Amino acid sequence: MIKRLRLTLKRDIDESYDILIGHGLLDNIPLDLKRSPVGSKYAIVTDSTIKDIYGERLLERFKEENLNAYLIDFPAGEESKNLSTVEYIVRRLLQYGLDRKSAIIALGGGVVGDLSGFVASIYMRGISYIQVPTTLLSQVDSSIGGKTGVDTADGKNLIGSFYQPKRVYIDPSLLKTLPEREFISGLAEVVKYGVICSRELFEYLESNVEKIKGRDMDTLLHIIEVSCRIKKSVVEEDPWEENKRTILNYGHTPAHALEKLSGYKCLHGEAVSVGMRISGWVAVRKGFWSIDEWERQNKLLKSFGLPLKMDFNSDELIKTLYYDKKVEAGTLMFVLPRRIGEMASIGGRYKIPVSETELRRFLLELS
Ligand code: GLY
């Protein structure tokens, strides 16, 4: 005799949060948290580079406001994005006595944000966290939407959770100290938004290449705000990436594999740029996209100084692609543009299957 007890659980939770964007915001974070607290104690988690540039300064501002705060740092770089660093941060949080009412402040680029968000999602079964992105890439993309995680030896972001931050503070003036290569790398994600969702943004980028490369602050503020609006609306529509949100991964399927194959020597945005050329070509060859628009995309990427090609072995790339989270029932899936500002879908689904034979042929055409 089997007894069946049904435990009924339905989710209806409000996870809304504010994304604040403004020059000079960094120094005002403690005051804002005093007015509108997210935790009773704060751990600023950052990397070894940002600690010296902004970490100590932010900690000082917390002290000036008489807020309880601690600084935790780990070595900068993608190599730190693993479970060992997660354990290290957890132990430091315990040493500082952070409890379930405390909050983490992720101060840094994508690695810091993804890693700190993941720690927040598991520490004492989940505590609050705030994103304070310091790179262009994290300001326009990874700090918003609650994707957290770490890499494994097999590939990028293979362990993780969807866990939304409680607030995001974006200060474009932090980009003044960003190394040139990282700044350019972040522009790949901005071009991506243009291709996937906004012809207007794409055309704005085409018309303002020099101002953007010169880091004109008002121009940067504009492209960051537009990018965040796009990201926000896609995440609002599909927070768990059941369909629409996959469009944000345009170019990322090949990019993640290229990053892994390069031993993470190339930056994420550089791989995304090469990945957009590859995915864009797949879109052209499968009849979704015009070659003229594909070339226009590549021209814009190139004008920002982004790479369009990388050395790789097609067999190795294809093998690595199977670790992509979009793979379904052993089939490689790509998200593909239909025109600049709009992605293709089949039967309302944005993930489009591409056979290994097709992909091998398309990659050969590109080399
Ligand atoms: N970076 C892609 C996403 O957040 O879905």
Q.
Which of the numbered conditions does Y129 fail, given that it passes all the others? Conditions: (1) part of a helix (DSSP H, G or I); (2) in contact with a helix residue (DSSP H, G or I) (Cβ under 8 Å, 6 or more places away or on another chain); (3) closer than 24 Å to L58 by Cβ; (4) not aliphatic (A, V, I, L, M).
A. (1)
Q: Read through the list (1) crowded, with 19+ Cβ neighbours inside 10 Å; (2) at pLDDT 95 or above; (3) more than 16 Å from the ligand (Cβ to nearest atom); (4) of a type outside the set (D, E, K, R), then give the number of the only condition that A271 fails.
A: (3)
Q: Residue by residue through segment 284-303, note down the ones that are within 22 Å of G269 (Cα to Cα) and among the aromatic types (F, W, Y).
A: W294
Q. If you take the residues of segment 207-240 that are of a type in the set (G, A, S) and within 19 Å of T135 (Cα to Cα), which of them is farthest from the ligand (Cβ to nearest atom)?
A. G214
Q: For Y204, work out the one condition from (1) closer than 18 Å to M343 by Cα; (2) more than 16 Å from the ligand (Cβ to nearest atom) it doesn't fulfil.
A: (1)
Q: Restricting attention to segment 241-259, report how many residues are more than 12 Å from the ligand (Cβ to nearest atom) and in contact with a His (Cβ under 8 Å, 6 or more places away or on another chain).
A: 1
Q) Quick check: is even one residue across segment 44-66 in contact with a Lys or Arg (Cβ under 7 Å, 6 or more places away or on another chain), assigned to a helix (DSSP H, G or I) and not basic (K, R)? A) no
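Residue-wise test of (1) touching a helix residue (DSSP H, G or I) at 6+ places or on another chain (Cβ under 6 Å); (2) among the aromatic types (F, W, Y); (3) at pLDDT 95 or above.
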position: Y88; (1), (2), (3): no, yes, yes
position: Q95; (1), (2), (3): no, no, yes
position: S102; (1), (2), (3): no, no, yes
position: I105; (1), (2), (3): no, no, yes
position: G117; (1), (2), (3): no, no, yes
position: R125; (1), (2), (3): no, no, yes
position: V140; (1), (2), (3): yes, no, yes
position: I144; (1), (2), (3): yes, no, yes
**Q.** Of residues in segment 135-170 being away from the ligand (no atom under 12 Å from the Cβ), farther than 25 Å from S16 by Cβ and in a strand (DSSP E or B), the one farthest from the chain's Cα centre (by Cα)
**A.** T152
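With respect to P353, is the statement that it is part of a strand (DSSP E or B), of a type outside the set (A, V, I, L, M, F, W, C) and on the phi < 0 side of the Ramachandran plot true? Show your work before the answer.
Values: part of a strand (DSSP E or B): yes; of a type outside the set (A, V, I, L, M, F, W, C): yes; on the phi < 0 side of the Ramachandran plot: yes.
When the stated conditions are applied, P353 passes them.
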Q: Name, by its number, the condition in (1) at pLDDT 95 or above; (2) assigned to a helix (DSSP H, G or I); (3) of a type in the set (G, A, S) that does not hold for G287.
A: (2)
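I'd like the full set of residues that are among the charged types (D, E, K, R) and under 16 Å from E203 (Cβ atoms), limited to segment 282-309. Don't jump to the end; show me each part of the working.
Going through segment 282-309, the residues among the charged types (D, E, K, R) turn out to be 285-286, 292-293, 295-296, 299, 302, 309.
Matches in segment 282-309: D292, E293, E295, R296, K299.
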Q) Any idea which of L9, L33 is farther than 22 Å from V86 by Cβ and more than 26 Å from the chain's Cα centre (by Cα)? A) L9
Q: Among the residues of segment 134-173, count how many are in contact (Cβ under 8 Å) with a residue 24 or more places away in the chain, among the hydrophobic types (A, V, I, L, M, F, W, C) and surrounded by fewer than 24 Cβ atoms within 10 Å (Cβ to Cβ).
A: 4
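Test of understanding: among G194, G186, which residue is more than 15 Å from the ligand (Cβ to nearest atom), assigned to a helix (DSSP H, G or I) and crowded, with 23+ Cβ neighbours inside 10 Å?
Details: G186 fails: more than 15 Å from the ligand (Cβ to nearest atom).
None of the other options fit; the residue is G194.
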Q: Give the residues of segment 216-240 that are under 23 Å from R349 (Cα atoms) and surrounded by fewer than 19 Cβ atoms within 10 Å (Cβ to Cβ), sorted by residue number.
A: R229, K232, S233, E236, E237, D238, P239, W240
Q) From the residues in segment 74-119 that are surrounded by 15 or more Cβ atoms within 10 Å (Cβ to Cβ) and among the charged types (D, E, K, R), which one is farthest from the chain's Cα centre (by Cα)? A) R92
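Conditions (1) surrounded by 22 or more Cβ atoms within 10 Å (Cβ to Cβ); (2) β-branched (V, I, T); (3) in contact with a strand residue (DSSP E or B) (Cβ under 9 Å, 6 or more places away or on another chain), marked per residue:
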position: G280; (1), (2), (3): yes, no, yes
position: M310; (1), (2), (3): no, no, no
position: Y323; (1), (2), (3): no, no, yes
position: E328; (1), (2), (3): no, no, yes
position: I346; (1), (2), (3): no, yes, yes
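The values are calculated or read from the model by the stated rules, or taken from the named source; none is laboratory data. Quantities reported herein were computed from a predicted structural model and do not represent experimental measurements. Using ideal geometry, Cβ is built from the backbone for each residue, glycine included, and neighbour counts are taken over all protein chains shown.
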